[in-house]
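A short worksheet on the structure shown next.
The values are calculated or read from the model by the stated rules, or taken from the named source; none is laboratory data. Only a predicted model underlies this, so the values are computations on that prediction, with no experimental measurement involved. FYI the Cβ positions are ideal-geometry reconstructions off the backbone, even for glycines, and counts take in every protein chain you see.
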Amino acid sequence: MSTKNQFSYNPAYPSIADLRKKAKTRIPKFAFDYLEGGANEELNLYHNEHDFDKIHLKPRYLEETGEIDLSTTLFGRKYDAPFGISPIGLQGLMWPNAPEILAKAAAKHKIPYTLSTVSTSSIERIADMSEGSAWFQLYHPTEDRLRDDIINRLKAVECPVLVVLVDVPAFGLRYREIKSGLSMPPKMNIANIFQAMTRPYWGIKTLQHGIPSFATLKPYMEKGLDLSQLGQFMNKTFTGKVTFEKVKAIRDLWPGPLVLKGIASDEDMEDAIALGADGIIVSNHGGRQLDAAESSINSLIRLANNPTYQGKIKIMLDGGMRSGVDLARAHAVGSSFNFMGRPFMYGLGALDDQGGDHTINMFKAHLYQIMKQLSIDKVDRFSERLLQ
């Protein structure tokens, strides 16, 4: 079967590199820097991508292969592909209406979209756009009252999976954000206004959809907060570590699948299992927190291949994947499911409303092609082709 017909996408943009190049010409510099930036010297960001190059797979050309099936089952739901869309804060700042576009595309293609607490659309709107299939990532509030109310809202829309973010005890030191004014409190300086003027289509779309805001958090904010007061609200509302006891309280409140995102050590993995979490997403926040940390793929290799954890918890990956080849590599070394953020934002920046469909189909086509090369028909067979 031709992948061109099966997974149709714009042939002018066959790779993430092509989408990124186009997106950079359409997104203002301050917003593009927010999307791309990492912590400190961005070494962790670099290793997230380039450590995949050390993983090699073995082709089998003479072996008979059955009909290729990209689907996988996760927490009792069947997804049409083994990847989903990562949560991203301030998504609508980088591309107007981004959460809605991606949630709708994900639902159409039967893959999970994950809404962040600090994204620019609300729990209820994304539940509607995704036909109830969207996951939610919780930035743990300092107040239990706020936590409980958000969880009740998730129950009301029958959110299928709750992801608790654990890797932000403090916001990372991100030089690009400090320079652009997108640290807390955010501000639009003269340079940012000029950059926005050089991207008129982005500006028109922003006016069309409205100035982005933290939509999920609006019920908890006083009306008419200026930027300084907004910064104070965010710092007050989300300052503090996510501890074992805090996750335990959420586990008691949340009846559905619970996933911890940001796990990268054996100690935290053991705690996740002890807490009764259903899964973890190995992640270093896209290289935006601890610049001295190892790459997300190396953390995954270490955790997924520890026999102590086998069969006790779902181990997934977020960070650094830029192609179907990277997805295949991640599966081969032990990931059961993968999440990507920046690639989908490049897709929107390049192709606007068509960006979600394009990027999902592009990754499906990449995966289909590599499974043909490896002569495997199921996603769970990638490990058979890992060159040790």
*Considering only segment 331-388, state which residues are among the acidic types (Asp, Glu) and either in contact with a Cys (Cβ under 8 Å, 6 or more places away or on another chain) or within 30 Å of Ala196 (Cα to Cα) (or both).*
Asp352, Asp353, Asp357
_Counted residues, segment 215-265 - those being modelled with pLDDT under 90 and hydrophobic (A, V, I, L, M, F, W, C)_ = 7
*Of the residues in segment 25-74, how many are among the small types (Gly, Ala, Ser) and touching a Gly at 6+ places or on another chain (Cβ under 8 Å)?*
2
*Which condition breaks for Ile88 when tested against (1) touching a strand residue (DSSP E or B) at 6+ places or on another chain (Cβ under 8 Å); (2) more than 22 Å from Leu300 (Cα to Cα)?*
(2)
*Within the set of pairs 6+ apart or on separate chains, which have a first residue in segment 261-278 that is touching a residue at least 60 places away in the same chain (Cβ under 8 Å), a second that is of a type in the set (Asp, Glu) and buried (at least 18 other Cβ atoms within 10 Å of the Cβ), and C-beta atoms under 7 Å apart?*
Lys261/Asp318; Gly262/Asp167
*Is at least one residue of segment 166-185 buried (at least 23 other Cβ atoms within 10 Å of the Cβ), in contact with a helix residue (DSSP H, G or I) (Cβ under 8 Å, 6 or more places away or on another chain), closer than 22 Å to Gly279 by Cα and in contact (Cβ under 8 Å) with a residue 12 or more places away in the chain?*
yes
